[in-house]
Amino acid sequence: MMKKFWIVLVAITLSLPLICGQAGAAVEIATGGIGDVLLFPLYDVRDVSDERTDGWQNYVVIENTSGNWTALHLRFRTWRACIEVYDHVILLSPYDVFHFSVIRATEAGTTSRNEGFVENDVILTSSDVHTLRNSGLISSSQSSWTEKLATKGLSDQGFTTDLQGELQAGYIEAIGLWQLENPKAPDSEDNHTLSYVVNRSVYGKSGDSETNVNDVLDALFYAVTDVNNPETAAIDWPNQIVITGVERGSDNSTREGLDCGNVLAGALEMGDVQTGRYELESAVALMDFRTDGTAHRDGYDGGAIVYPAGTMWWYDASYYDSKQVPVPSYYLNESWATTVGAGLRDGDNIAVGFTTNAQDITANSVDPYNANSTFNDIWSLDDVEAALEKSAIWNHYFTGEPFDGATLNTDIVLTFPTKHYHFFFTDWPYWDGGSIASGNDSIEDYWQAVIDYRKYIKSRYSSRYSNGPIKPSGVTIWDMEQNYPGTAIVTTDVENPPPSPWTPDWVDPTPDKTILHEVNIVRVGEEEGTGIHEANWLLNTNYTSGHFTIGRFFLTKGDREIGFNAANPHTFYGYSGDDSVYELPPIGVAIFTHTYGTGLVDEDGCAYVTRSSMTEWHYKK
C-alpha cells in the first residue's frame with residue numbers, strides 16, 4: 001500500500017513547480033543541445049558478427065561555443081558495472097573543437113605514454129594537436145595521441161573475466177568545470193595561446209616544462225607567489241579563484257575562474273571506414289547544472305568546480321607533503337565507481353524533494369544522508385534525475401523483412417547514467433584532510449579503507465543487490481495496423497501506461513524479468529540475448545513493423561532510501577523498507593540497421609550492403 005502511495009506521490013510532485021527558494025534556475029535538458037554537462041548514451045566498438053569489420057570506430061566531438069578558455073572533465077564508464085575506465089581534464093581554447101576516435105585495437109601497440117596495449121583493447125586516438133597539448137595529453141614534441149581504456153578500476157573491484165568485453169561499450173560523461181575570465185571581452189575572444197594566460201612554472205612538478213591545464217588547475221586552487229617553489233603555496237580556494245601575480249602568463253592579465261556556463265555541445269558518430277556505414281548521436285546536454293550562488297557538495301557556492309592537478313594524480317607524497325591539504329577530499333574518490341573529479345552530485349542542490357511539510361523545505365533539508373559528513377549526501381543527484389525523467393518512451397520499429405529486398409533491425413539503447421549512485425554509500429570511506437568516516441586519520445589509512453572497500457564491490461553488486469534490477473512499469477507494442485488483439489504486458493505492480501486493446505500476446509503476461517545493466521541495447525523482436533543484449537525480452541514481438549511505448553523505469557534495490565520514511569518521503573528515493581522502489585531516468589537512442597541486396601557482387605562474393613541511422617527515441621515527460 002505504501003509503495004503505491006509513493007508512486008502516486010512521484011506522479012504528483014513531478015508536475016509541481018519547485019517549492020524551495022533558488023539562487024539559479026533548476027537544471028534541465030537543453031533543447032538546443034548546448035549546456036554545461038554532456039552525457040553520451042553509448043560508445044560501442046564491439047566486434048559484431050556480420051555487421052562490422054575491423055574498420056568500425058566511434059568519433060567524438062566536443063565543442064566550446066564561447067570565447068573563453070573552458071575546462072571539462074571527460075570520463076568513460078563501462079556498460080555493465082559503470083566503473084570509470086578513463087578520465088582527464090580537457091582544456092578548450094576559445095571556440096575550440098576537440099575531436100578523438102574510439103577504436104578496438106586490431107594489433108598490439110603502445111600509447112603516447114609508452115604503455116603497451118594488445119589486440120581488442122579499447123584505444124583513444126587523436127591528432128587535435130592544439131587541444132591535446134593544452135590538456136597535457138601530449139608534449140610539444142608529439143603530434144598525435146594514443147591512450148587505452150584501463151582495466152585497473154574493474155580488477156580493483158573484483159571484475160576479473162572478460163575485461164576487454166566490458167571496456168568495449170559504455171557511455172561518456174563530460175562535466176563542465178570552469179571558464180577563465182576573458183580580459184578582452186566583449187570586443188573579442190581571449191588569446192588562443194596558453195602561455196599568454198598562465199605561467200608554465202605554476203604546476204612546478206619535476207620534469208614538467210610544458211604549459212598546459214595542470215598550470216591552470218594549480219593557479220586557480222593555490223596562491224602561488226614563488227614559481228621557483230610552487231609546492232609551498234598556500235591554498236586560495238574557495239576564497240579567491242583567480243590567476244594573478246606571478247601565476248599570470250605573458251600578457252600579464254588577471255583571470256578569474258568562473259562558472260563554466262552553458263557553452264558545451266557534443267556528438268558521437270559510429271561508423272565503418274571499410275563499408276561506409278555511419279550513424280550519429282548528439283550528446284544529451286544538461287543546462288544550468290551548476291551555477292553561482294547555490295549550495296554545492298564541496299562547500300563552495302560559486303559555479304566553478306575547482307581542484308588542483310594533484311587530484312588528477314591522486315596523492316603524490318613527494319610533492320604535496322608540504323601543502324596544507326594535498327587534495328580537496330570532495331573530488332577524490334567521489335564514489336565507488338569514480339576515482340577523481342566532479343560527478344553528478346556536484347551541481348546545484350535545488351529540487352530537494354517533497355515532504356509532508358512542504359513549506360519548511362530548505363536546500364538540503366531532506367538529504368542528510370550521512371550524519372557525520374556531507375560527502376555522501378544526495379546533493380544535486382535528484383535535480384539531475386528530475387531533469388532526465390521520462391514518463392514514457394515511444395518509438396517506431398522495423399524488424400525482419402517488412403519490405404521487399406531489405407532486412408531491418410531496430411535496436412533501442414537504454415542507458416541509466418545515475419544508477420551507480422544508488423549503491424554502496426552507507427559506509428563509503430571519505431577523507432576530509434584529517435578524519436575519515438571509518439575512524440582512521442591518516443592518508444595511508446584512508447587509501448587502505450578505499451582499497452579494502454572496492455575489493456568487495458563485485459560480490460556485493462552481484463549478490464546483495466542482484467546487480468541492481470530495473471523494472472519498467474509496462475510495455476505496449478503495436479503493429480502498423482493497430483488491430484491485433486492481445487494482453488498488455490505488465491512487468492511490475494506499479495502503475496502502468498494505459499493498456500491498448502491491440503497489444504500482442506506475451507508468452508508470460510507478467511514476466512518476472514529485469515533490466516540488469518547501466519547500458520542496455522534491446523533488439524526489437526529478439527526473444528533473448530546475452531551481455532549488453534540481456535534485456536532483449538523487453539521488446540520481443542512477432543510483428544515486423546509498428547511502434548511501442550515503455551513506461552517509467554524503477555530501481556528496486558539500492559542504498560539510497562536510507563534516511564527517508566513514509567512520513568518524510570523523497571521525490572525519487574522513496575522510503576526505507578524492503579519493498580521501496582524509486583524512479584531511474586534513462587537516456588538513449590534508436591538505431592535502425594538496413595541490409596539490402598545491391599545486385600552486385602564484390603571480390604569476396606558479397607552482394608549485400610549494410611546502412612544504418614541513429615536518433616534519440618521519442619519520450620514524454
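The values are calculated or read from the model by the stated rules, or taken from the named source; none is laboratory data. Note that the structure is a prediction, hence the values are computed from the model and not measured. Methodologically, a virtual Cβ is constructed for each residue, glycine included, from the backbone with ideal geometry; neighbour enumeration extends over all protein chains shown. Heavy atoms of the whole protein, side chains included, go into the accessibility calculation; ligands, DNA and RNA do not. Shrake-Rupley method; radii C 1.70, N 1.55, O 1.52, S 1.80 Å.
Net charge near PHE98: determine it from the other residues with C-beta under 9 Å of the C-beta of PHE98, scoring Lys and Arg +1 and Asp and Glu -1.
Working: positive: none; negative: GLU63, ASP96, ASP128.
Once positives and negatives cancel, what remains is -3.
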What accessible area per residue, rounded to a whole number of Å², is obtained for region 164-222 using a probe radius of 1.4 Å? 32 Å²
Heavy-atom accessible area per residue - region 85-128, 1.4 Å, Å²: 39 Å²
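In the neighborhood of HIS73, defined by Cβ-to-Cβ distances under 14 Å, what is the net charge if each Lys or Arg adds +1 and each Asp or Glu adds -1?
Values: positive: ARG75, ARG77, ARG290, ARG345; negative: ASP36, GLU84, ASP87, GLU173, ASP298, GLU334, ASP346.
Summing Lys and Arg as +1 and Asp and Glu as -1 gives -3.
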In nm, spacing of pseudo-spin labels at TYR95 and SER195 (7 Å Cα→C-beta vector): 2.4 nm
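What percent do you get for the relative contact order of region 197-289 when only Cα pairs under 8 Å and 6+ apart count?
On the way: 137 pairs, mean separation 20.9, N = 93.
Worked out over region 197-289, it gives 22 percent.
What's the ranking of 152-165, 33-46, 220-233 by average number of surrounding C-beta atoms within 10 Å, highest first? Please list the in-between numbers first.
Working: 152-165: 15.9, 33-46: 24.1, 220-233: 18.5.
Descending packing order for the listed peptides: 33-46, 220-233, 152-165.
Heavy atoms only, probe 1.4 Å: what % of the accessible area of region 251-299 goes to carbon and sulfur, would you let me know? Before the final figure, lay out the partial values.
On the way: 790 of 1660 Å².
Whole-percent figure for carbon plus sulfur exposure: 48.
Among residues other than GLU119 whose Cβ falls under 15 Å from its Cβ, what is the net charge (Lys/Arg +1, Asp/Glu -1)? Could you put the intermediate results ahead of the total?
On the way: positive: ARG46, ARG104, LYS148; negative: ASP47, ASP54, GLU107, ASP121, ASP162.
Around GLU119, the surrounding residues sum to -2.
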Place a point 7 Å from Cα of ASP292 in the direction of its Cβ. Which residues in region 256-280 have their backbone N less than 17 Å from it? 256-263
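How much FRET efficiency would the formula 1/(1 + (r/R0)^6) give for GLN448 and SER144, where r is the Cβ-Cβ distance and R0 is 30 Å, rounded to 0.05? Intermediate values should be presented prior to the final figure.
Working: r = 39 Å, r/R0 = 1.30.
Calculated transfer efficiency: 0.15.
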Take VAL129 and MET480, extend 7 Å from each Cα along the Cα→Cβ direction, and tell me the distance between the two endpoints in nm. 5.3 nm
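Computed over the Cα atoms of region 18-175, what is the ratio Rg over Rh, Rh following Kirkwood?
Rg/Rh for region 18-175 comes to 1.01.
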Quick one: Karplus J couplings for region 41-57, per residue in order, coefficients 6.51, -1.76, 1.60, θ = phi - 60°, nearest Hz, x for Gly and Pro? x, 7, 10, 7, 10, 5, 8, 9, 4, 6, 10, 9, 9, 5, x, 6, 7
Report the label-to-label distance for LYS620 and VAL118 in nanometres (one decimal), using points 7 Å from each Cα along the Cα→Cβ vector. 5.1 nm
Roll a 1.4 angstrom probe over the protein heavy atoms and tell me the percent of accessible area of region 29-137 that is carbon or sulfur. 43 percent
So for region 253-313, using the alpha carbon gyration tensor with a ≥ b ≥ c as root eigenvalues (a/c under 1.5 gives rounded; past that, a/b versus b/c decides prolate or oblate), I'd call it prolate
In nm, what is the difference between 0.36 nm times the number of residues separating GLN274 and GLU181 and their Cα-Cα distance? 29.0 nm
